[in-house]
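The values are calculated or read from the model by the stated rules, or taken from the named source; none is laboratory data. Note that the structure is predicted; figures quoted are calculated from it, not measured. Because the Cβ atoms are built from the backbone with ideal geometry, glycine has one as well, and the counts that use them run over all protein chains shown. Quick note on the areas: whole protein, heavy atoms, side chains included, nothing else; ligands and nucleic acids left out. Shrake-Rupley method; radii C 1.70, N 1.55, O 1.52, S 1.80 Å.
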Amino acid sequence: MKTFLKLKSVTILCLSFMFISCDLDLQESFNFEPEVDLTDPHANKTAWEFIQTRTALNEDGSFNGEELNYMIAAIKKAGFEDLYNQAVDTSRTYLLLNNNAFTGRGDVINIVTGSSTVPDGETPEQTMERVDTPEKLEKLRTVLRYHIVDAYVAQVPTLAVAEVRYIFQTLIPGDDGLIAFNRNSRWSIQINRAPAPLPTSATSQNENVRAHNYVFNNGIGHFIADPVRNRPY
């Protein structure tokens, strides 16, 4: 008897749902529109136009280590504005040397002037005035050329497989201009990390990218906080 009552109750419940469902309108189609803007905010700028926007100071007026004040001065000193502003080749990668990449011990200022000391109050433009011989100027230009890669290097699809070292050519010709990129399992790009097929002078100066994938209309940019190299400059 109990089983019969249960079956009867289930049957009535099912019939009720059927009658109710017949009165429901069809759901309107829904187009999902993500709230996150997935467009590249700097895609209408050249690398040089973007670089010139990165000059913010700390609250105390000191140079923010993540910005590009020294790189701007270095590019102007080298006369390389057109190199970063060109629009003929849109598949280059620009390694953006932040302020920390210039002022640390053994970093760019030390490479091109022979001294890592930056006197209090000295501006990046004044620092670059210490690049005062043809030999120093050529060394600065070589540093900048090595940090422009003649290929578009993004995590995907360029670095398709994690921990594989991919070799590219910088604007320095020949073996001295080779550079290695890989990404780890967390998608962070690493440069000249062993066991890359490069001399130890390269892999001993390996570097992690700090900020990735700044898309420009003439290539892509990645921020780094130390210069990299193949051989000593």
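Here are the numbers for this structure:
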{"item": "Neighbour-limited loop hits for trypsin sites (Lys or Arg not before Pro), segment 174-233 (at most 14 other Cβ within 10 Å; DSSP other than H, G, I, E, B)", "result": "186"}
{"item": "Segment 114-172 and segment 85-99: distance between their alpha carbon centers, rounded to Å", "result": "11 Å"}
{"item": "Cα convex hull of segment 47-224 - mean projected area over all directions, nm²", "result": "10.4 nm²"}
{"item": "Gain in span if fully extended, residue 53 to residue 201, counting 0.36 nm per residue against the direct Cα distance", "result": "50.0 nm"}
{"item": "Computed accessible area, residue 132, all protein chains, 1.4 angstrom probe, square angstrom", "result": "100 Å²"}
{"item": "Full-extension gain in nm, residue 40 to residue 217, via 0.36 nm per residue minus C-alpha separation", "result": "62.7 nm"}
{"item": "Gain on full stretching of the segment that runs from residue 60 to residue 89 - 0.36 nm per residue minus C-alpha separation", "result": "6.5 nm"}
{"item": "Accessible area of segment 126-233 belonging to carbon and sulfur atoms, whole % at 1.4 Å probe", "result": "51 percent"}
{"item": "Cβ-Cβ FRET estimate between residue 152 and residue 129, R0 fixed at 30 Å, reported to 0.05", "result": "0.30"}
{"item": "Which of 135, 59, 49, 81 is most accessible, then next, and so on - probe 1.4 Å", "result": "59, 135, 49, 81"}
{"item": "Gyration tensor verdict on segment 167-233 (Cα atoms; rounded if a/c is under 1.5, prolate if a/b is larger than b/c, oblate otherwise)", "result": "oblate"}
{"item": "Among beta bridges that DSSP assigns inside segment 47-224, antiparallel share in %, nearest 5", "result": "75 percent"}
{"item": "Protein-only accessible surface order, largest first, of 181, 80 at 1.4 Å", "result": "80, 181"}
